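Data first, discussion second: the structure below is written as structure tokens.
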Amino acid sequence: MNIILLGPPGAGKGTQARKLVDGRNMIQLSTGDMLRDARSSGTAMGQKVAAIMDAGELVTDEIVIGLIEEKLEGDHGGGFIFDGFPRTLEQADALNDILAKHDASLSHVVAMEVNDKALVQRITARSTCGNCGEVYNDITKPIPADEKCVNCGGSDFKRRADDNEESLRTRLMEYYKKTSPLIGYYHAKGQLVRVPGLGEIDDVAAGIADVLDG
Ligand code: AMP
């Protein structure tokens, strides 16, 4: 089963993808994580995309399509969760072609629906565990007083450079201009399902599970 989690920044795609990895042996393919890894390991590509990411703009289709192509050559496990990819119609067309090359296809495109006010609140208050990726929120789920991650016990917490109001405005604009047309695209293909993205993590996960198992 191969699925796309589609939604604006802060919709909870990464959090839900990690739950699917744990519960279903699926493989999370987050282009955002891949690009951040390229940056921190200092590759030429990582250096090229750093300023674009910090500004909240999209990196070129060519770069992200190349990243995804590479990953699909490897182990397919219980299927792929595309998290943060595709973000443009060109990327969506490329994904169809790459999957077809591997005799694979998309089972569902899950559109996670969250209003803008919640996105701003989530993103500007967000930090993550540098070790396991567990997500915290200053208001709704603060880092524990002993500064140890509830999931792995790690104590290295990070805030993303682009999780500030200015970058977020650009990221939201990029989403509405370039990514939200994918909702119509996948609806027309009969692959789109909408799931409420607000609420408790487990409730959202249950909504997604209903779609996948239904
Ligand atoms: P994310 O972690 O998915 O929010 O992505 C962080 C940043 O990485 C985005 O704001 C973009 O600059 C870049 N990025 C991630 N995925 C893509 C993609 N599919 N297409 C273009 N840029 C991307």
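The values are calculated or read from the model by the stated rules, or taken from the named source; none is laboratory data. It should be emphasised that the depicted structure is a prediction, and the values quoted were computed from it without experimental measurement. Here Cβ is always computed from backbone atoms with ideal geometry, including for glycine, and neighbour counts include all displayed protein chains.
Screening residue 43 against (1) more than 9 Å from the chain's Cα centre (by Cα); (2) within 11 Å of the ligand (Cβ to nearest atom); (3) of a type in the set (S, T, N, Q) leaves a single unmet condition, (2). Residue 4 meets each of the listed conditions (1) among the aliphatic types (A, V, I, L, M); (2) near the ligand (Cβ under 10 Å from one of its atoms); (3) surrounded by 21 or more Cβ atoms within 10 Å (Cβ to Cβ) apart from (2). The number of residues in segment 34-53 being crowded, with 16+ Cβ neighbours inside 10 Å, charged (D, E, K, R) and closer than 22 Å to residue 12 by Cα comes to 1. Please identify the pairs in which a residue from segment 193-209 that is surrounded by 13 or more Cβ atoms within 10 Å (Cβ to Cβ) has its Cβ atom under 7 Å from the Cβ atom of a residue that is modelled with pLDDT under 95 and among the hydroxyl-bearing types (Ser, Thr, Tyr), counting only partners at least 6 apart or on another chain. Hits for this filter: 201/15. Scanning segment 7-40 for residues that are hydroxyl-bearing (Ser, Thr, Tyr) and either over 23 Å from residue 168 (Cβ atoms) or within 10 Å of the ligand (Cβ to nearest atom) (or both) returns 30, 31.
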